[in-house]
Amino acid sequence: SMAVVITLAWTYTVHMAGHMPLSEATVSMPIVQPWTWTGGLTAFLMWSVMMVGMMVPSASPMILVFSNVNRQKRKSDMPYVSTSVFLVGYIIVWTGFSAVATVFNWALHTDALLSGMVAESTVALLGGGLLLAAGVFQWTPWKNACLKQCRTPMGFVMTEWRDGNSGALLMGLKHGTFCLGCCWLLMALLFVLGVMNLVWIAALAVLVLVEKVVPQGAWISRISGFGLVAWGCLVLAQIIQ
């Protein structure tokens, strides 16, 4: 079921990227058409589905552990709990992030920060600032604490277990919150790299997955932080030049 959800999400994302004008798929190109409410809803749907495709794969170890523990508890005549409800809770959190990202996307467009009609230094300041912030964040205690929760599925399930579907929903919401706390600035980099740039979407999805499942994922997170800081400095150097 997870494979189906992930496949559908990526299929839709690829479809949207293929039918979106290049100027809207990359941050550095001009966006000439004003947004409408229909466009805003379409952008929200795009962000929501894209987040499902990017984040559900990284949550799959947690979901599978939840499913296994749930199956064992059902054998012990514990109340029925639907694993899909846990996943829904997780997706709700990232749907909330998508709503905020859509508003931010709209605001940037309205202020012409995503168009070619502003000074290049303004765009460099925005992009370089986000890259620096994301790089520094990779080393913060907040990042480490949230990443630790995401990297220990069994520990999370055993300590946070709640019976019933309402409990599964709360667990999904809580895990989604930890995941959001771990990755929100990385997702914000799409405003720098290209909101519908499939290469960078895939690269960020792989980075998030590696951080969570590879034994040395925490160090990979820190190394990527150095890389993002260096990249941010290069972008900001364009302003001085």
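The values are calculated or read from the model by the stated rules, or taken from the named source; none is laboratory data. Predicted, not measured: the structure shown is a model, and the values here were computed from it. A quick note on method: Cβ atoms are made from the backbone with ideal geometry, for glycine too, and the neighbour counts reach across all protein chains shown. Side chains are part of the model used for accessible areas, which takes the heavy atoms of the whole protein and leaves out ligands, DNA and RNA. Shrake-Rupley method; radii C 1.70, N 1.55, O 1.52, S 1.80 Å.
Key figures
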| item | result |
| --- | --- |
| Residue in the stretch 206-224 that is surrounded by 21 or more Cβ atoms within 10 Å (Cβ to Cβ) and more than 14 Å from the chain's Cα centre (by Cα) present | yes |
| Single unsatisfied condition, Gly128 versus (1) small (Gly, Ala, Ser); (2) open to solvent by less than 10 Å² (accessible area, probe 1.4 Å); (3) at pLDDT 90 or above | (3) |
| Subset of the stretch 4-35 (residues that are open to solvent by 70 Å² or more (accessible area, probe 1.4 Å), touching a helix residue (DSSP H, G or I) at 6+ places or on another chain (Cβ under 9 Å) and modelled with pLDDT of 70 or more) | Thr7, Leu8, Thr11, Val14 |
| Any hit, the stretch 217-236, residues being within 15 Å of Ser60 (Cα to Cα) and in contact (Cβ under 8 Å) with a residue 40 or more places away in the chain | no |
| Selected residue [open to solvent by 40 Å² or more (accessible area, probe 1.4 Å) and under 17 Å from the mean Cα position of the chain (by Cα)] from Ala188, Ala203 | Ala203 |
| Residue under evaluation Gly39, criteria (1) open to solvent by 40 Å² or more (accessible area, probe 1.4 Å); (2) at pLDDT below 90, criterion not met | (1) |
| Test result for Gly227, over 30 Å from Ser82 (Cβ atoms), open to solvent by less than 10 Å² (accessible area, probe 1.4 Å) and out of contact with any Leu (no Cβ under 8 Å at 6 or more places or on another chain) | no |
| Selection status of Leu169, assigned to a helix (DSSP H, G or I) and within 26 Å of Ala9 (Cα to Cα) | yes |
| Val195 vs. criteria surrounded by 18 or more Cβ atoms within 10 Å (Cβ to Cβ), outside any helix (DSSP H, G or I) and hydrophobic (A, V, I, L, M, F, W, C) | yes |
| Condition check for Thr177: closer than 22 Å to Val88 by Cα and within 18 Å of the chain's Cα centre (by Cα) | yes |
| Which numbered condition Ala145 fails, given (1) under 30 Å from Val81 (Cβ atoms); (2) modelled with pLDDT under 90 | (2) |
| Ala59 vs. criteria touching a Phe, Trp or Tyr at 6+ places or on another chain (Cβ under 9 Å), open to solvent by 30 Å² or more (accessible area, probe 1.4 Å) and modelled with pLDDT of 90 or more | no |
